[in-house]
Structures are given as structure tokens and as C-alpha cells.
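A.B. asks: Once you've had a glance at the structure underneath, I'll fire off some questions.
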Amino acid sequence: MKLRLLALCLPLLFAACASRTAPDAVDEQTDIMPSETEKTAPAAQANDESVLFYVIEKPLYPECKVSAETRYTLLDKNGTAKIAEQDGFIYPLTAIPNIEKNLTQEEKKLLATLFMSEKKPEQPASKAQRKKHCLDARTLAKRNRGSSSRMGIINAEGEWLAEPFVSKWHPDIDALLLQKLQQLFPGKFQTASEKAQKHQARIQQDAGAAVSLFFPSDKANSAMVYDNAGTQTVGLFDVNGSWLINPQDFKQRAYSRLIPFRNPQNFELWMSVKQQGGKKCYGLVNAKGEDVLPPEFEYFPVDWMNQAGRFPVKTCNGLEKGFVDLQGQWIFKMPLEYSHLDISGPMAPNGWFRVTSKETGYTGMMDSAGKLRIPVRFKKLEPLDNGEYVMVLDDKNLNGVLNAQGEWTLKPQKESIKHLPNSSLLEIAQADAEAQVSSYQYRTLNGQEIAEPFTEKGVELVFGFDKQGYGFARKIDADRQAMLNQEGFVNEQGEWIIQPEYSFTLLNQDAKPGKKAQKPNETPDYSPAKKSGSKVPDSDLQHIRFNEHGLLIAVKNGKKGVIDRQGKTVLPFEYKHISLYSNSIVAKQ
């Protein structure tokens, strides 16, 4: 049913559901009904203004692999039932990607209280099907083909805001639901096809040719217009049907094309390209079609823009290089005596940045006043802790750490060094070829030793720390093997702030509870193998992070539940699948 619901969403909201899977995907967290003895309010209740709902999906016949009937319940963040158990599905609108794109904060709060729901057909398909509690794939497919959809929008009280329409995927159902959303949020919802119909005639008339639109993302407010062959940019258009750069203006600016400037800060920018003397030069155009930076520079890397919107540039004639901001103002110009140095990294918050010698390839650090702070004599250099420390590799292939005064806080050594994110800790790996595993020591950035090594406390750090200081870790047993079902979070002192009573690694695995990490695997793609030897791909560990409500899905005794940052059980461990969304949790038993 969820897949069919998502299919309905395709033409509904900017084709937003096109890449979305059903909400019972394992790594998205899905099951929630608190038991009478274990009901606890979620962490989100700390903020009385927050909106959070639980959608509980419960099979009527749990002994079946596929139950013939399913019941749905809606709870508020305190565990109070808002909608009594019903047989029609409940699906939060906020789970649809990008649906909140153009909404105000107040409108987002309203949207968080709205759900798509369904009324089952009044007459079952057949007497034979009614008797079946467990469905096989063939019967399920037959039932789905024979059913008629009755879908609409309800609020958190179960009231129908858009009455369910009887239709076997009738084409009008999309328009009717969209019409209701437009009434609730005037001017905020349009389908992609409506946009195209609204703008296509005018664009083609002004451009004098058949054209196509290219939006760099679903959140973009401007679109590049290019010919149907996809080879020539002819202008820039906005979502309201107005030219930002019309074809005549585009020709006058002598651009050859526009390229989406997909920067990590999500500023909506376009990189302009212009041919000058047989060379491509680049600039920046904002979402209003204004030249932020004229196309007079060599290509500049997107990921070197810092949070302040400052990024390194070099003029096409090679005479000037430095940093500019998003207003096109020079923040720093390289002094003439250092013209042999190239900028090779973004500017840190303290104004420092990496420079590289064109002759030797060695690197150092310079500040925004043009003073060399770290000499240009290292093969590799990585700024740490907002630039206050740097990790270096010298010409003897030894690793070390320098402070802002150029003093060694960790003298060069052959062991590999890693800085743990959002912490003051360095992890030093000492390989044991005989045991085929590395041991780890920890020091602070200023060189102090950790009083008691993590391993002596029975702790194995897996990653670094999040911005709240939570470090994902595993408990180490007597024979120094990490337990995949004894995971939690520690602080920088190696103290458990969430006890190792859970499994997070096994959320996407078929491993049995109590399974120990395996011996190191030779496959280099498995980064955790360097520590515990657990054969778990890095990609499967990316879900181990708290959401904006401070909630996290965990596994205990083979069942999924939800905990908060205090280690409190928000949702008991009774579920097969759990999905966390911005303002809702969908759970399936």
C-alpha cells in the first residue's frame, strides 16, 4: 500500500516521491507503540513548541509473514492516542521529500499535523480471501489489482480535510488532493507539469526556438534555459515565470553557458562561462540573475567555499589571486613576494589557509594578512580545530601535529594519526602485523596523554564525535573483541553517556544478537575492519546519528526501538521497522 501511495505522490508534489522508497525501509526507522508499562514521552517534549507524532502500523495477524489485515494508530509525542485504531493507512505528509520547500514556519507546523489516509472498500473481494489470515505473494497481488483506492487528507484529530475519493487510480484524484493543499497553503503547491505548461509558451516565444528547463535541485528558485539539443544555454528563468536573464541579455553578456554551482553551503548560484583569448574564464551569477563575480577567473573549486561564503580565485591573466566573497569583494590578495605559492584550500575561521609551492609541491599555512604561519616544507598538511592546529606529513613520511605558534604538540612519528571530529582528540594507530589488527592510543591536540586509554576501559571508539560530544563506541570483551550488540556513546574521557546496551551497526544486518566482530577482512572498503574487524560497510553506518529531535533508532534483542540523548527509551523495542521523519515516526511491528 505504501508503494501505491508513493506512486500517487509522483505527480502530486514536484514529483517529490520519485526517488523515495516505502517508509518501512529498514534504515529509516519505523515502529512505535509504547506498552502500558513502558510508555515514555519522546525527547522532543523538552521543546513544548515541537510537533511530533507516532504512526503505528500493526499486523492483525502477527504470526503471518504477510498479514491479511493491518491496523494503524496515531499517537502524539506524549504517547496519547489521537486517532483510534483503524484499518486504513496513515502516512505523514512531512515524509514526502521537499514538501516543506516553500512553506513558512507556521505553515510547516500545520503541515506536520496533516496525514494522507485511506478508507478500505466496503465490500471485500471474495469470501475465499476474507477467510485468509496469511497472504502469499499471488493472493496479495490479486487483492491489490482488485481494490479501489479511497484516499484523502486528515488532520491529527482524524477529521477529513479532503474527503476520500473512490477511484482505481483515477487521474482526477491528484488534482483534487492538490486543490485541497492549495486551499490550505495558498500559492505554495504546483505540479511540475503545471509549471511547464505555464512557462513553456512564453519561453519558446521569447527564445525563438524550442527550449528546455533545467532546475539544479528541487529547492531551486531559478532554472537554466537551454536548447532542446542540450548544447546551448539561452537564458535564466525563475519559478514564477519571469526571465532573470533573457536571451538578448545572455548574448550581450557573451556567456557560452551556465553551470550549477552546487556548493556545500546551499547558496543558489550559477557559474558563468565565457571564452576569453581561447581560454575559459568563470564567474558567478546569483538566483536573481545578477553577476556576483564577473567571468574573469580560472575555474574555482566549489568545495573550497567556507561558511562565510569566501573562496579562493585566480584571474584568467594570472596576475592576481586571493579570496573573494559572494559580493565579489576581494578579502585577500596574495602578496607579490609569494607569487610562487598557490592557494590550495579553503579559509579556516581563524583566517588561515593552505598554500602550495608551484616549484616543490610542498605546503604550508598563511594567514589573511599575508604572513606565513607554517613554513612551506611539508608533503601534506591538514588544518584541525578551526585552523588552531595542523596535522602534517614531513619529507621523511613521518606524521606530526603543530600548533598555531609552529610548535610540535605531537612530534613526527611513523604511526598514522587521525583527528576525531568535533573533539580535541587524536587517534594514533599502531599496527600489529602478527595479530592483523591495529591498537589505538589517544592524545589531545595539545599533546597530553589520555590518563586511562579507552581500551583499558573496555571501550572501542568507532568514529569521532558529533557536535554535542557523543562518540559512537563499542564495548570490548575480555579477549578484546568488539561486540556488535553492545554499542553506545561515550564522551571524550571514554565515559559511557549512553550505556552499551544496544546495537546500531546491526540495523541493516542479518546478524544474530550476541554476534562478535569478525577478524579483519582484507577488503579495504570496510573501514570498521581496521578496528574491530567487523565486516560492515561504511555506508551501512551512516544512519548512526541523532535526528533534530535528539532521537535515534537502535536494536535490542533483535527488535528495533527509539532512544533519546539521555539513553531513555522513547519507543520500546518491539518493532521490525522504524522510520524517523522531521515531525513524525512511522513504526511497523
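A.B. asks: Calculate, in nm to one decimal, what N557 and A287 gain on full extension: separation in residues at 0.36 nm each, minus their alpha carbon distance.
C.D. replies: Working: separation 270, 0.36 × 270 = 97.20 nm, distance 5.13 nm.
Here the segment from N557 to A287 would lengthen by 92.1 nm.
A.B. asks: Quick check: pseudo-label points 7 Å beyond the Cα along Cα→Cβ at V66 and E495, how many nm apart are they?
C.D. replies: For the pair V66/E495, the computed spacing is 5.3 nm.
A.B. asks: If we count other beta carbons within 10 Å of each Cβ, what is the order of M271, M347, M151, fewest first? Present the calculation step by step, with values, prior to reporting the outcome.
C.D. replies: Values: M271 20, M347 26, M151 23.
Lowest to highest Cβ neighbour count: M271, M151, M347.
A.B. asks: Also: Using 0.36 nm per residue of separation minus the Cα-Cα distance, give me the extension gain between S368 and K396 in nm, one decimal.
C.D. replies: On the way: separation 28, 0.36 × 28 = 10.08 nm, distance 2.96 nm.
That works out to 7.1 nm of additional length.
A.B. asks: Send over the semi-axes of segment 303-459's equivalent ellipsoid, whole angstrom and largest first, taken as the square roots of 5 times the C-alpha gyration tensor eigenvalues.
C.D. replies: Semi-axis lengths for segment 303-459 are 34, 17, 13 Å.
A.B. asks: Rounded to the nearest 20 Debye, what is the dipole magnitude of segment 257-354 about its Cα centre when Lys and Arg each give +1 and Asp and Glu each give -1 at the C-beta?
C.D. replies: 200 debye
A.B. asks: Give me the number: length gained by fully extending Q307 to E157, i.e. 0.36 nm times residue separation minus the C-alpha to C-alpha distance, one decimal in nm.
C.D. replies: Values: separation 150, 0.36 × 150 = 54.00 nm, distance 4.22 nm.
Contour length minus Cα-Cα distance gives 49.8 nm.
A.B. asks: How far apart, in nm, are two points set 7 Å out from the Cα along the Cα-to-Cβ line at E449 and at E382?
C.D. replies: 2.5 nm
None of the figures in this text is laboratory data; all of them are computed from the coordinates on show. Predicted model, so just to flag it, every value in this text is computed and none were measured. Don't worry about glycine lacking a Cβ; one is built from the backbone with ideal geometry, like all the others, and counts go over all protein chains shown.
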